[in-house]
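Remarks on the structure that follows.
The values are calculated or read from the model by the stated rules, or taken from the named source; none is laboratory data. Because the structure is predicted, anything quoted here is derived from the model rather than measured. For neighbour counting, all protein chains shown are included, and Cβ atoms are generated from backbone atoms with ideal geometry for every residue, glycine included. Only protein heavy atoms, including side chains, enter the accessible area calculation; ligands, DNA and RNA are left aside. Shrake-Rupley method; radii C 1.70, N 1.55, O 1.52, S 1.80 Å.
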Amino acid sequence: MIRPILLSLTVALSLAACTPITSGQLAIDGKPRPKLYQIRERDTAKIQFRTLDSVNALRQASGAGPIELSAELTAAAATHARDMSVQNRPWHFGSDGSSPLDRVARAGYSGAFIGEAISETYETELETLAAWMEEEGTRRVILNTDATEMGFAWFQEPNGKIWWTLVLGEATATPQEPLPLG
């Protein structure tokens, strides 16, 4: 009598160990699903200044001077982040055909446009910055020694996807040819 009960218990425990992980825990690549990074409106300043501090730390390590946040560049970045979502593609041109230079001018920025970095991701701002630093073009924009100001904004869709835009400029410069877009 005890033997069949032990056998049944052993089979039940073995089958329980073989139960597949629920679909919500692993992604298609077998890695754990990332936790959704939900940005609340009240976190805007904290995220912008955390990014600014990180950019300045990277710039200091490379020998470049610090930069400051610019309201005009941030407005241009916010416009483009939302527009990329509408277009459903990360690229440097607006749905109206505008270039980064056009958007910066429309936002009232009087300095020189240095460059723009964009991303479509579910990652945090610091993970996105790290990815930008791995790419030569965006790294060159972020570490450009002529840059004195930065605009940084995003648009988050209801599904959690985030469209990030970072724009750098030189406040006291006369307009010049921008670096190639990264």
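Classify the range 77-182 as rounded, prolate or oblate, taking a ≥ b ≥ c as the square roots of the eigenvalues of its Cα gyration tensor: rounded when a/c is under 1.5, otherwise prolate if a/b is larger than b/c and oblate if not.
oblate
Please give, to one decimal in nm, the separation of the simple spin-label points placed at Glu157 and Glu123, each 7 Å out from Cα toward the Cβ.
Using points 7 Å along Cα→Cβ, the separation is 1.8 nm.
Could you do me a favour and compute the accessible area per residue for the range 32-118, 1.4 Å probe, result in Å²?
Solvent-accessible surface per residue comes out at 55 Å².
State the extension gain, in nm to one decimal, for the chain segment bounded by Asp146 and Ala131, taking 0.36 nm per residue of separation less the distance between their alpha-carbons.
That works out to 3.2 nm of additional length.
Once a ≥ b ≥ c are taken as the square roots of the eigenvalues of the Cα gyration tensor of the range 124-174, is the result rounded (a/c under 1.5), prolate (a/b larger than b/c) or oblate (a/b not larger than b/c)?
Because a/c hits 1.5 or more and a/b fails to exceed b/c, the range 124-174 counts as oblate.
Could you rank Ser54, Ser62, Ser98 by how accessible they are, 1.4 Å probe, largest area first?
Putting Ser54, Ser62, Ser98 in descending order of accessible area: Ser62, Ser54, Ser98.
Would you list which aspartates and glutamates come within 16 Å of Lys46, measuring only between C-alpha atoms, while excluding same-chain residues fewer than 8 positions from it?
Filter leaves Glu68, Glu125, Glu127.
Accessible area, 1.4 Å probe, largest first: how do Glu157, Glu125 sort?
Largest to smallest exposure gives the sequence Glu157, Glu125.
What's the center-to-center distance, using Cα atoms, between the range 31-95 and the range 133-174 in Å?
What the calculation gives is 6 Å, centre to centre.
From Cα pairs below 8 angstrom and at least 6 apart in sequence, can you work out the relative contact order of the range 48-181, rounded to a whole percent?
36 percent
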